[in-house]
């Protein structure tokens, strides 16, 4: 994954909108509403048939999704805050409610209804998730400003080595 500055562009979910999707039991998307497509930056056709985790933002701790899967596979409803990544690598925050869909008493799919959350809660949850990722040893989010000359040198060296700038920096550290 190459370093990109688009990751810092937030899309706010409008107050009057809800995002709806359904997945099969393995998390592959089977339905999306128009709001989901619009907010995520994907067309419905690009989303249907793809794993829902294509939206996973690297700021999300793995343990949050483990808890979600453990909860819904146990037949319970999971609720929580999620930071998703858009197709353009921007992001959006939602409050998600995920539960099973049953036909004749048998679990056949999962549905997710997501709604907007206030700015203060998004800031709080970013701090909570940063701390969780740190404790999990799963990478730490950092923003760094480099002189343009340094960045250009990194880009040139990465190109020579046929790597992304991020991979080059990882290798140097």
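The values are calculated or read from the model by the stated rules, or taken from the named source; none is laboratory data. Note that this is a predicted model, so its numbers are computed, not measured. Virtual Cβ from ideal backbone geometry, glycine too; neighbours counted across all protein chains shown.
Go through 66, 26 for me and flag whichever is in a loop (DSSP other than H, G, I, E, B), surrounded by fewer than 17 Cβ atoms within 10 Å (Cβ to Cβ) and without any contact (Cβ under 8 Å) to a residue 40 or more places away in the chain. Please lay out each step first, then the result.
Details: 66 fails: in a loop (DSSP other than H, G, I, E, B).
On inspection, the qualifying residue turns out to be 26.
Of the residues 169, 113, which single one is surrounded by 11 or more Cβ atoms within 10 Å (Cβ to Cβ) and assigned by TED's automatic domain parsing to the domain that holds residue 55? Before you say what the answer is, go through the steps one by one.
Numbers: 169 fails: assigned by TED's automatic domain parsing to the domain that holds residue 55.
Testing whether each residue is surrounded by 11 or more Cβ atoms within 10 Å (Cβ to Cβ) and assigned by TED's automatic domain parsing to the domain that holds residue 55 leaves just 113.
Within the stretch 29-42, restricting attention to residues that are more than 17 Å from the chain's Cα centre (by Cα) and outside any strand (DSSP E or B), the residue that is surrounded by the most Cβ atoms within 10 Å (Cβ to Cβ) is 33.
Within the stretch 117-137, not a single residue is exposed (fewer than 15 other Cβ atoms within 10 Å of the Cβ), over 26 Å from residue 14 (Cβ atoms) and more than 20 Å from the chain's Cα centre (by Cα).
Taking residue 82, is it in contact with a strand residue (DSSP E or B) (Cβ under 8 Å, 6 or more places away or on another chain), assigned to a strand (DSSP E or B), free of Cβ contacts under 8 Å to residues at least 60 places away in the same chain and surrounded by 12 or more Cβ atoms within 10 Å (Cβ to Cβ)?
Working: in contact with a strand residue (DSSP E or B) (Cβ under 8 Å, 6 or more places away or on another chain): yes; assigned to a strand (DSSP E or B): yes; free of Cβ contacts under 8 Å to residues at least 60 places away in the same chain: yes; surrounded by 12 or more Cβ atoms within 10 Å (Cβ to Cβ): yes.
So residue 82 fits the description; yes.
Residues in the stretch 51-63 that are surrounded by 15 or more Cβ atoms within 10 Å (Cβ to Cβ) and touching a strand residue (DSSP E or B) at 6+ places or on another chain (Cβ under 6 Å): 5 in all.
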